[in-house]
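Some notes on the structure that comes next.
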Amino acid sequence: MAGIKKLATTTVFTGQSDIVVFDEVSDYKNATFSTATASGASVGQVSGDSSEYVGEDTEVTNWVDEQGKVITSTATDGTVAVKWEMADLSEDSVVKFLNGVKLSGLTSTLLKNIKSAVGFGVKLPVMTRPIGWFNDEANRCLFLPKAKIVSSITYSDKHFTISSTATAEYIDTTTLKTAMIVEGEPVYENDTEEAA
(Lines give C-alpha, C1' and ligand atoms only; values in the text may rest on other atoms or scores of the structure.)
Protein backbone atom coordinates (compact mmCIF):
# COMPACT_ATOMS: atom_id res chain seq x y z
CA MET A 1 0.00 0.00 0.00
CA ALA A 2 1.32 3.44 -0.95
CA GLY A 3 1.78 6.04 1.74
CA ILE A 4 3.83 8.95 2.93
CA LYS A 5 7.44 7.99 3.44
CA LYS A 6 8.67 8.93 6.89
CA LEU A 7 12.14 10.39 7.42
CA ALA A 8 13.89 7.94 9.74
CA THR A 9 16.71 10.25 10.81
CA THR A 10 18.01 13.74 10.08
CA THR A 11 21.40 14.15 8.43
CA VAL A 12 22.96 17.32 9.76
CA PHE A 13 25.91 19.51 8.83
CA THR A 14 27.25 21.38 11.86
CA GLY A 15 30.32 23.36 12.76
CA GLN A 16 33.64 23.79 11.04
CA SER A 17 36.81 21.78 11.62
CA ASP A 18 38.86 23.07 8.70
CA ILE A 19 38.71 25.22 5.59
CA VAL A 20 40.79 24.09 2.63
CA VAL A 21 41.61 26.35 -0.29
CA PHE A 22 42.54 24.24 -3.28
CA ASP A 23 44.96 25.27 -6.00
CA GLU A 24 43.81 27.42 -8.90
CA VAL A 25 41.93 25.65 -11.71
CA SER A 26 43.37 26.72 -15.05
CA ASP A 27 40.57 25.33 -17.23
CA TYR A 28 37.11 25.08 -15.68
CA LYS A 29 35.63 23.90 -18.97
CA ASN A 30 37.51 20.60 -18.68
CA ALA A 31 37.85 20.48 -14.88
CA THR A 32 36.58 17.51 -12.90
CA PHE A 33 36.09 16.95 -9.19
CA SER A 34 39.36 15.03 -9.21
CA THR A 35 41.39 17.81 -10.83
CA ALA A 36 39.73 20.56 -8.76
CA THR A 37 40.70 18.79 -5.52
CA ALA A 38 44.14 17.53 -6.61
CA SER A 39 46.09 19.83 -4.27
CA GLY A 40 45.38 22.47 -1.70
CA ALA A 41 46.18 23.83 1.74
CA SER A 42 44.34 24.40 4.99
CA VAL A 43 43.89 28.00 6.08
CA GLY A 44 44.98 26.89 9.54
CA GLN A 45 43.45 28.13 12.74
CA VAL A 46 40.35 30.28 12.33
CA SER A 47 39.57 32.97 14.89
CA GLY A 48 36.82 31.83 17.26
CA ASP A 49 33.25 32.59 16.21
CA SER A 50 34.41 34.26 12.98
CA SER A 51 33.35 31.54 10.57
CA GLU A 52 29.85 32.10 9.26
CA TYR A 53 27.50 31.50 6.38
CA VAL A 54 26.86 34.75 4.50
CA GLY A 55 24.93 33.55 1.45
CA GLU A 56 21.85 35.43 0.27
CA ASP A 57 18.46 33.75 0.41
CA THR A 58 16.45 32.91 -2.67
CA GLU A 59 13.90 35.68 -3.20
CA VAL A 60 10.38 35.68 -4.59
CA THR A 61 8.81 38.72 -6.25
CA ASN A 62 5.04 38.66 -6.60
CA TRP A 63 3.13 40.18 -9.53
CA VAL A 64 -0.25 41.08 -8.09
CA ASP A 65 -3.49 42.42 -9.50
CA GLU A 66 -5.27 45.58 -8.33
CA GLN A 67 -6.84 43.68 -5.45
CA GLY A 68 -3.49 42.31 -4.26
CA LYS A 69 -4.07 38.74 -5.44
CA VAL A 70 -0.95 37.03 -6.80
CA ILE A 71 -1.02 36.61 -10.57
CA THR A 72 2.35 34.87 -10.61
CA SER A 73 5.58 34.77 -8.65
CA THR A 74 9.11 35.17 -9.96
CA ALA A 75 11.93 33.48 -8.07
CA THR A 76 15.49 34.80 -8.04
CA ASP A 77 18.20 32.39 -6.96
CA GLY A 78 20.28 33.19 -3.90
CA THR A 79 24.00 32.81 -3.37
CA VAL A 80 26.19 30.39 -1.44
CA ALA A 81 28.93 32.17 0.51
CA VAL A 82 31.04 31.60 3.62
CA LYS A 83 33.29 33.90 5.65
CA TRP A 84 36.12 33.36 8.12
CA GLU A 85 39.09 35.10 9.77
CA MET A 86 42.37 33.21 9.69
CA ALA A 87 44.86 33.72 12.48
CA ASP A 88 47.90 32.99 10.29
CA LEU A 89 49.57 36.21 9.15
CA SER A 90 52.66 34.56 7.70
CA GLU A 91 54.38 35.76 4.53
CA ASP A 92 52.78 32.94 2.55
CA SER A 93 49.27 33.82 3.77
CA VAL A 94 49.74 37.52 2.99
CA VAL A 95 51.02 36.66 -0.50
CA LYS A 96 48.20 34.21 -1.18
CA PHE A 97 45.18 35.97 0.32
CA LEU A 98 46.14 39.66 0.22
CA ASN A 99 47.88 39.46 -3.17
CA GLY A 100 51.12 40.40 -1.47
CA VAL A 101 54.71 40.21 -2.66
CA LYS A 102 57.81 39.13 -0.76
CA LEU A 103 60.44 41.87 -0.55
CA SER A 104 64.17 41.36 -0.16
CA GLY A 105 67.26 43.44 0.47
CA LEU A 106 65.61 45.88 2.86
CA THR A 107 68.04 47.83 5.02
CA SER A 108 67.55 50.62 7.51
CA THR A 109 69.61 52.61 9.99
CA LEU A 110 66.65 52.69 12.38
CA LEU A 111 65.56 49.06 12.13
CA LYS A 112 67.76 46.07 12.81
CA ASN A 113 67.59 42.31 12.36
CA ILE A 114 65.19 42.57 9.39
CA LYS A 115 64.52 38.94 8.56
CA SER A 116 61.70 39.29 6.05
CA ALA A 117 59.16 41.69 4.61
CA VAL A 118 56.03 41.32 2.54
CA GLY A 119 54.09 44.12 0.88
CA PHE A 120 50.38 44.27 0.05
CA GLY A 121 47.68 46.79 -0.73
CA VAL A 122 48.76 47.36 -4.33
CA LYS A 123 46.65 44.70 -6.09
CA LEU A 124 43.03 43.86 -5.35
CA PRO A 125 43.09 40.85 -2.97
CA VAL A 126 40.81 38.57 -4.97
CA MET A 127 41.22 35.09 -6.43
CA THR A 128 39.06 32.28 -7.81
CA ARG A 129 39.71 28.86 -6.29
CA PRO A 130 37.84 25.75 -5.16
CA ILE A 131 37.27 25.65 -1.40
CA GLY A 132 36.13 22.99 1.02
CA TRP A 133 34.42 23.77 4.35
CA PHE A 134 34.58 20.66 6.54
CA ASN A 135 32.05 20.07 9.31
CA ASP A 136 33.04 19.61 12.95
CA GLU A 137 33.45 15.84 12.53
CA ALA A 138 35.52 16.29 9.33
CA ASN A 139 33.38 13.77 7.46
CA ARG A 140 31.24 16.13 5.35
CA CYS A 141 32.29 19.05 3.21
CA LEU A 142 30.57 22.06 1.69
CA PHE A 143 32.51 22.24 -1.56
CA LEU A 144 32.50 25.32 -3.78
CA PRO A 145 34.43 24.37 -6.94
CA LYS A 146 34.55 27.92 -8.31
CA ALA A 147 34.59 30.38 -5.42
CA LYS A 148 35.49 34.06 -5.69
CA ILE A 149 37.59 34.69 -2.58
CA VAL A 150 37.98 38.29 -1.45
CA SER A 151 40.21 39.08 1.54
CA SER A 152 41.30 41.98 3.70
CA ILE A 153 43.35 42.54 6.81
CA THR A 154 41.33 43.17 9.96
CA TYR A 155 42.07 44.02 13.59
CA SER A 156 39.95 42.87 16.51
CA ASP A 157 40.64 42.11 20.18
CA LYS A 158 44.29 43.14 19.72
CA HIS A 159 44.84 40.61 16.90
CA PHE A 160 45.45 41.17 13.21
CA THR A 161 43.73 38.54 11.04
CA ILE A 162 43.00 37.97 7.38
CA SER A 163 39.26 38.08 6.77
CA SER A 164 38.08 36.17 3.70
CA THR A 165 34.71 35.74 2.04
CA ALA A 166 34.20 33.00 -0.56
CA THR A 167 31.17 33.24 -2.85
CA ALA A 168 30.24 30.37 -5.15
CA GLU A 169 30.17 31.19 -8.85
CA TYR A 170 28.01 29.27 -11.32
CA ILE A 171 29.41 26.05 -12.73
CA ASP A 172 27.54 23.05 -14.13
CA THR A 173 29.59 20.10 -15.41
CA THR A 174 29.27 16.36 -14.99
CA THR A 175 31.11 16.31 -11.64
CA LEU A 176 31.08 19.97 -10.59
CA LYS A 177 28.07 22.05 -9.56
CA THR A 178 27.91 25.57 -8.13
CA ALA A 179 27.79 24.20 -4.56
CA MET A 180 28.11 20.62 -3.37
CA ILE A 181 27.79 18.64 -0.14
CA VAL A 182 30.40 15.89 -0.25
CA GLU A 183 30.56 12.96 2.16
CA GLY A 184 34.28 12.47 2.69
CA GLU A 185 37.28 13.21 4.88
CA PRO A 186 40.31 15.40 4.21
CA VAL A 187 43.68 13.73 3.64
CA TYR A 188 46.62 15.61 5.13
CA GLU A 189 50.30 15.27 4.21
CA ASN A 190 51.20 13.47 7.42
CA ASP A 191 48.23 11.07 7.30
CA THR A 192 49.39 7.45 7.42
CA GLU A 193 46.22 6.04 5.91
CA GLU A 194 45.78 5.88 2.17
CA ALA A 195 43.11 8.07 0.60
CA ALA A 196 40.09 5.97 -0.36
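The values are calculated or read from the model by the stated rules, or taken from the named source; none is laboratory data. From a predicted model like this one, the values you see are computed outputs, not experimental measurements. Methodologically, a virtual Cβ is constructed for each residue, glycine included, from the backbone with ideal geometry; neighbour enumeration extends over all protein chains shown. These accessible areas exclude ligands, DNA and RNA; they are computed on the full protein's heavy atoms, side chains included. Shrake-Rupley method; radii C 1.70, N 1.55, O 1.52, S 1.80 Å.
Rounded to 0.05, the FRET efficiency of the V182 and A75 pair, given R0 = 41 Å and the Cβ-Cβ distance, is 0.95.
Over the chain, Cα pairs under 8 Å with separation of 6+ residues give a relative contact order of 22 percent. Sorting the segments 41-50, 22-31 by their residues' average number of neighbouring beta-carbon atoms within 10 angstrom, most packed first, yields 41-50, 22-31. Each label was represented as a point 7 Å from its Cα along the Cα-to-Cβ direction; for D57 and E169 these points are 2.8 nm apart.
Using only the alpha-carbon atoms of the range 64-145 as identical scatterers, what base-10 log of I(q)/I(0) does the Debye formula give at q = 0.11, 0.13, 0.18, 0.27 Å⁻¹? Relative scattering, expressed as log10 I(q)/I(0), comes to -0.59, -0.70, -0.95, -1.31. From helices alone, the chain scores -1000 deg cm²/dmol at 222 nm; the rule is -39500 (n - 2.57) for each run of n ≥ 4 DSSP H residues, then divide by the residue total. Put simply, the Cα atoms of the chain extend 83, 54, 39 Å along their principal axes, the longest span coming first. Between amide H atoms placed 1.01 Å from N, distances below 5 Å from G184 occur with R140, C141, all of them 5 or more places distant or on a separate chain. Between E137 and S90, what length in nm is gained on full extension when 0.36 nm per residue of separation is reduced by their alpha carbon distance? This chain segment gains 14.2 nm when fully extended.
Residues within the reach of a label modelled at V12 (point 7 angstrom out along Cα to beta-carbon, backbone nitrogen below 15 Å), restricted to the range 49-69: there are none. In whole percent, and with a 1.4 Å probe on the protein chains, what portion of the accessible area of the range 80-119 is carbon and sulfur? Carbon-and-sulfur percentage of accessible area, whole number: 54.
When the alpha carbon gyration tensor of the range 105-196 is reduced to an equivalent ellipsoid, the three semi-axes, largest first, read 35, 20, 14 Å. The tail of the calculated P(r) for the range 1-77, taken as Cα-Cα distances beyond 17 Å, holds 75 percent of the pairs.
For L176, no residue 5 or more places off, or on another chain, has a built amide H under 5 Å of its own. Once backbone amide H atoms are built at 1.01 Å from N, G40 has D23 as its partners under 5 Å, excluding neighbours fewer than 5 places away on the same chain.
With 26 Å as the limit on Cα-Cα distance, the pairs of K115/K158; K148/K177; K6/K177; K6/K146; K29/K102; K5/K83 that go past it are K6/K177; K6/K146; K29/K102; K5/K83. The stretch between V150 and Q45, if pulled fully straight at 0.36 nm per residue, gains 36.0 nm over its current Cα-Cα span.
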